[in-house]
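Reading through the structure tokens given below for one structure.
None of the figures in this text is laboratory data; all of them are computed from the coordinates on show. Computed from a predicted structure; not experimentally measured. For neighbour counting, all protein chains shown are included, and Cβ atoms are generated from backbone atoms with ideal geometry for every residue, glycine included.
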Number of protein chains: 4
Amino acid sequence: VSTISPLRVALVGYGYWGPNVARNVAQSEEADLAAVVDLSPSRRVVAASQFPKAKICESVAQLEFGAIDAVVIATPASSHVELAAPFLAAGVHVLIEKPLALSMKDAVKLVQLAKTNNCVLMVDHTYLFSDAVIMMAELVRSGQLGDLIHFDSTRVNLGIFQPDTSVIWDLAVHDVAILRYVTGLLPKTVSATTHSHRESKHPVVASMSLQFSEDFFAHIAVSWISPVKVRKLTLSGFNKTIVFDDVASDEKIRVYDSGVDSILMSEGRNALLRYRLGDVIAPRLRGVEALRREIDCFVSSIRSAIEPISSGADSLATIAVLQAAEKSALAGGEPVKVDYTI
Amino acid sequence: VSTISPLRVALVGYGYWGPNVARNVAQSEEADLAAVVDLSPSRRVVAASQFPKAKICESVAQLEFGAIDAVVIATPASSHVELAAPFLAAGVHVLIEKPLALSMKDAVKLVQLAKTNNCVLMVDHTYLFSDAVIMMAELVRSGQLGDLIHFDSTRVNLGIFQPDTSVIWDLAVHDVAILRYVTGLLPKTVSATTHSHRESKHPVVASMSLQFSEDFFAHIAVSWISPVKVRKLTLSGFNKTIVFDDVASDEKIRVYDSGVDSILMSEGRNALLRYRLGDVIAPRLRGVEALRREIDCFVSSIRSAIEPISSGADSLATIAVLQAAEKSALAGGEPVKVDYTI
Amino acid sequence: VSTISPLRVALVGYGYWGPNVARNVAQSEEADLAAVVDLSPSRRVVAASQFPKAKICESVAQLEFGAIDAVVIATPASSHVELAAPFLAAGVHVLIEKPLALSMKDAVKLVQLAKTNNCVLMVDHTYLFSDAVIMMAELVRSGQLGDLIHFDSTRVNLGIFQPDTSVIWDLAVHDVAILRYVTGLLPKTVSATTHSHRESKHPVVASMSLQFSEDFFAHIAVSWISPVKVRKLTLSGFNKTIVFDDVASDEKIRVYDSGVDSILMSEGRNALLRYRLGDVIAPRLRGVEALRREIDCFVSSIRSAIEPISSGADSLATIAVLQAAEKSALAGGEPVKVDYTI
Amino acid sequence: VSTISPLRVALVGYGYWGPNVARNVAQSEEADLAAVVDLSPSRRVVAASQFPKAKICESVAQLEFGAIDAVVIATPASSHVELAAPFLAAGVHVLIEKPLALSMKDAVKLVQLAKTNNCVLMVDHTYLFSDAVIMMAELVRSGQLGDLIHFDSTRVNLGIFQPDTSVIWDLAVHDVAILRYVTGLLPKTVSATTHSHRESKHPVVASMSLQFSEDFFAHIAVSWISPVKVRKLTLSGFNKTIVFDDVASDEKIRVYDSGVDSILMSEGRNALLRYRLGDVIAPRLRGVEALRREIDCFVSSIRSAIEPISSGADSLATIAVLQAAEKSALAGGEPVKVDYTI
């Protein structure tokens, strides 16, 4: 049993995702849920009934910054800079919903504030703490995929139209974060096309092509208007291919020992490919809730002052890619070089 | 029983697809398989054993054009113009593998030759004769989908690298043909990105975005290097969505009575969508082989002089779209206006 | 808003299922979770943290019977009679885990006690309150299935070996209850075979055949040792067949418009069946949690004195069938007539 | 190239299965399809067009027994004894559709005739030559499953009602043959229940329980009236479980590294199982057509005089099991000891 007193954590935003964060903070032995802030009276009633010990507030102004060690911000992306900056300035550690911000400029501002004030700034890229993505990263690092060829993601369903941003910032942010974490690679250029919908101010469907080195590329398809839900990532190497199907009730990760081996010229005009078609393996996953792992990581980063996996600084490259995608989409799909300069 | 003598049909190309054509011609009561031409000695041996009554030839030069009424050309796309032109010039009706040609110029040449010589020129877009695509077209025409929003296709597997052309001309040709047939719409602009592979001279993966009117758009993903085979088309309207999964062993067509109904503003900052989630119906398909329907259509077009569904003239628009996609890909993905002028 | 004060409900047993009951009682506006009883200290700690307002007790003896209106008993089946009888004798309404008891004799005892003391005695057959089973019952009652032919259920997985009873009483109880509720029919005879396992005192696999009238029969397969989880019920009529797949993430209910129509004699020796293969429909389910519906039903039965759907009296027929199955299994599978006499 | 002249093979019965046999005989380099016999004029027309070199006969009487080396009998089971006996008596090798006969008596008669006349008598248990069943047998023999616990098969669909026999002889024959081949074990007792249908003289649904040693048992469910087709075999050992799903378009064999490890007594009244949940592997199958392998085995048995895998003698045990199942079903499901005496 720890003799250190638990971190006092406030939660700002008790909408769709906030309750999951609150539950995990409350269940952690190293943290207490000290306060919950939400603009909506009805959400505050629910929060109060679920977490009777937490202080329930109408606005951030009601929080005493000196009485909390850390804050989790689970509000729409457009509010992130404005909400997070005062906490960081006051030396409060911040875990913030993805995306960190809706522009490179705002994101850099928060990262620098955190640095100046010796705060942990972590972005809630929950997927990076999931069994499946950890398994993907381990498989890539083991070298058994061979040289990487292709990353492909489809993330579509009937989703909530975000009032303040497009499907790129809301959904493709997951794929870019996963892609970077699993492969350790950064795209050079992005080409994106987007499509809108009568009922939305922002694009609701997007298709993004990312070019890395000469031999590796990625494609990401996201949509808020697909009646069929798909959450499927494919990462192909010359030797093996991983498929992560997050909609599957089990066997979310499958590894195909298949690929294109070589080409033989046949008689006549056709070339012949020699395929390798091997076993398929669905490795057993560990069964740990991703958000639990993430909260643990946030806490231990604060305790140890070691940068967490999905730190604000690390997340800047993801913001840069999304910003380039948005720029390409505005230009009708022409390729845009990603600008990683801070 | 018909008193008209059967059409005498020659087949040029007895590779991967040719045997299917040969079998369906041989089984037709209105046609005889008079001759089979293939460059490869081993393929000629197989053809001879399967079709003992057909004349087996090494080259087209061995055919007597006067002794045949029609020819089916099932050879690589780059050979189409050169092979088909003499037949049309001699008044022989032509059914030709997709794509009709690898450029608008060549395609137009064949269409004009057919017109001048009063020949049927039909392109083997087999999908347009399949139970599933016919069902899709009927559902669209019935109006029950409502205004169309989005067409999406994924057509990927470990496929043969064509030596003479890219995956766009080989695979995306299906999606463009189906899209046009089912919706009756033509895209205004195309944006495409492609990717290559060590072992291929031509792109092996492509992602295409097609913009139609303001409210309708399409996305097509094709690949020859996916270890997992996917053949999935989704067509969404405001009322219903059709999903055609050609890899499914049954229930290839599924109709989702779901969609985005309207938006309500909620308290706080989030917008609320009102989804409609209804029944899913998998209509029973008829169970007729597509190629059988297509050969019947070819025969009756010749008999009746009525233009077939997938005539060469009709296919020109498909060629125009693919050509624009290729141009966009060469320019790194910038949007290209489709030029339909003949 | 109701002016009647909420029912004071105690929960006995806070193991695997108890917490679900507790949550639904606590969320009901018509009931308060007044007390939780569990033998295990660690379970009491968890209950206390989740339900701070409830009295947490080590044994039933610590409950004041006069201070509660109803009790939910979620303990192993072998304890039911002993635990429930004193509550009924004291006029406390009882909702009890399935099966009601492990013998007809014990079950009848509880039913009569409830009657004598004017108590509601309801059995927690949660499935009877699920969207899927309600939909099945509605489809049967609508007549669209035609005359019923066959009910088939497979309910297998790696399940907890119950220390006090066999897989028949633990799992097949669900199928018998559903079958009775959906069809309204009672089997005449049961034939069952069971199999044991090194680590279990009681059978872990069972296969049961139930004969109803001449034209309708059922088969139920249950197992605690299947590495693959299956929860699949099929109910066939002459016109349509319903399949309920409870493991499916969506489309749990599917209705097949298929069947055997008639027989034609063919030439030669084979008879020809004429199948009808029609559409498949997956109707949208309502999305209500079954246990919520059930708690509401329990509460309103108490308020209205109308017998609930899965009353103790109704459940006696289910017990009779399970008892016959056990008897048949002991006799190696020979058919046993079900004795419904009370 | 063989210098031995090919076997001259006659085929009796050109109905549902016969054409598959004919194609494989014709494609074999070691056999010629010398003759096809069918009662039906229309079937003879089809046979003649497909196999122009074969003699087409109306009845067996038209065959010259001296001009053929072997015969394949693909007719209804009730005709087997009468048809096969004269061939064996004349020294003609026989490959016969499953089941060998509809009674132990008839089956023994054929086996003894074959022995007396030095003929190969082989039963067409095609499954025993399939990639999947061979893989199952190899996995069992490798010992990695551990001690066997349970075999379970479901083989149901809308099937042709056989005019001369029940679903047990028509479908369960597959499962009994596979079970015996894969495990090498023989059941001691069988308990079966069957159900009939308005349109059939014989049972159309059956459920069979087979008891082997104390620790191993099997269950087989077969039906001709299920609108949903299932072909699923599960073989569980203490260490691993194999699932063979013959309806799956790929990954027909899946091996689960899961099971029940041991039991721990928990606090309170519940026992705790310790499950082992491991990886799932879908091994790549070889892609050889089963019937091709079987015809090759038949030919080499004739050439080598080595008994084939599914010889008539071997098949007697399968007949004994089916006969016991039928007897049990007639007695309403009571367990019947299998009589293997010849």
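For chain A, what does the helix formula give at 222 nm: sum of -39500 (n - 2.57) over DSSP H segments with n ≥ 4, over the residue count, nearest 500 deg cm²/dmol? Helix contribution divided over all residues of chain A: -9000 deg cm²/dmol. By other beta-carbon atoms within 10 Å, ranking C:TYR181, D:TYR340, C:TYR16 with the fewest at the front produces C:TYR16, D:TYR340, C:TYR181. Computed from backbone phi with θ = phi - 60° and the Karplus coefficients 6.51, -1.76 and 1.60, the 3J(HN,Hα) list for segment B:314-319 is 5, 6, 4, 5, 5, 4 Hz; x is used for glycine and proline.
Between copies, the label points of D:VAL46, set 7 Å from Cα on the Cα→Cβ line, lie 2.5, 6.2, 6.2 nm apart, reported in increasing order to one decimal in nanometres. Computed over chain D, relative contact order equals 18 percent, with contacts defined as Cα pairs under 8 Å that lie 6+ residues apart. In summary, the aspartates and glutamates within cross-link reach of A:LYS188, defined as a Cα separation below 13 angstrom excluding same-chain residues under 8 places away, comprise A:GLU214, A:ASP215, A:ASP339. Here chain C carries DSSP beta bridges of which approximately 60% are antiparallel, counting only pairs with both residues inside. Dipole check for chain D: with +1 at the C-beta of Lys and Arg, -1 at the C-beta of Asp and Glu, and the Cα centre as origin, the magnitude is about 240 Debye. When DSSP beta bridges are restricted to pairs lying wholly in the protein assembly as shown, around 60% turn out antiparallel. When Rg and the Kirkwood Rh are both derived from Cα coordinates, the Rg/Rh ratio for chain C amounts to 1.01. Given in Å, the Rg to one decimal and the Dmax to the nearest whole number for the Cα atoms of segment A:74-217 are 16.9, 47.
Shape descriptor for segment C:1-67: Rg over Rh equals 0.97 (Cα atoms; Rh from the Kirkwood inverse mean 1/r). Among chain A residues, the beta-carbon with the smallest distance to the axis carrying A onto D is reported, with distance in whole Å, as A:ILE281, 3. Working from label points 7 Å from Cα in the Cα-to-Cβ sense, the A:VAL247 to D:SER5 distance is 6.2 nm.
Position A:ARG8: other-copy label points at 3.8, 9.9, 10.2 nm, ordered by increasing distance, label point 7 Å along Cα→C-beta.
Against the main long axis of the alpha-carbon atoms of chain C, helix C:173-183 sits at an angle near 60°.
Estimate the FRET efficiency between D:ALA61 and D:GLU199 by the formula 1/(1 + (r/R0)^6), using the beta-carbon distance for r and 35 Å for R0, to the nearest 0.05. Rounded to the nearest 0.05, the efficiency is 0.55.
Loop-located trypsin sites (Lys or Arg not before Pro) across segment B:1-72 with a Cβ neighbour count of 11 or fewer within 10 Å are B:LYS53, with loop assigned by DSSP.
Classified by the C-alpha gyration tensor, segment A:40-96 has an oblate form. Its axis ratio a/c, with a ≥ b ≥ c, is 1.5 or above, and a/b does not exceed b/c. The H on the amide N of C:THR75, modeled in the peptide plane, is under 5 Å from the matching H of C:GLU97, each at least 5 residues off or on a different chain. Ranking of A:TRP224, B:TRP17 by neighbouring Cβ atoms within 10 Å, starting from the fewest: B:TRP17, A:TRP224. Spin-label model, D:ASP164 to D:GLN112: label points 7 Å out along the Cα-to-beta-carbon direction sit 2.2 nm apart.
Among C:VAL25, C:VAL288, B:VAL111, a tally of other beta-carbon atoms within 10 Å of each Cβ gives an order, fewest to most, of C:VAL288, B:VAL111, C:VAL25. In whole percents, the pair-distance distribution calculated for segment C:15-138 from its alpha-carbon pairs, binned every 5 Å from zero, is 2, 10, 19, 22, 20, 15, 7, 3, 1. Note on D:ASN20 and D:GLU307: their simple-model spin labels are 2.6 nm apart, each label 7 Å out from Cα toward Cβ. A label point on C:GLU29, set 7 Å along the Cα-to-Cβ line, lies at 4.2, 7.2, 8.3 nm from each of its counterparts in the other copies, closest listed first. Looking at segment B:182-256, the GluC sites (Glu not before Pro) that sit in a DSSP loop and have at most 11 other Cβ atoms within 10 Å of their own Cβ are B:GLU214.
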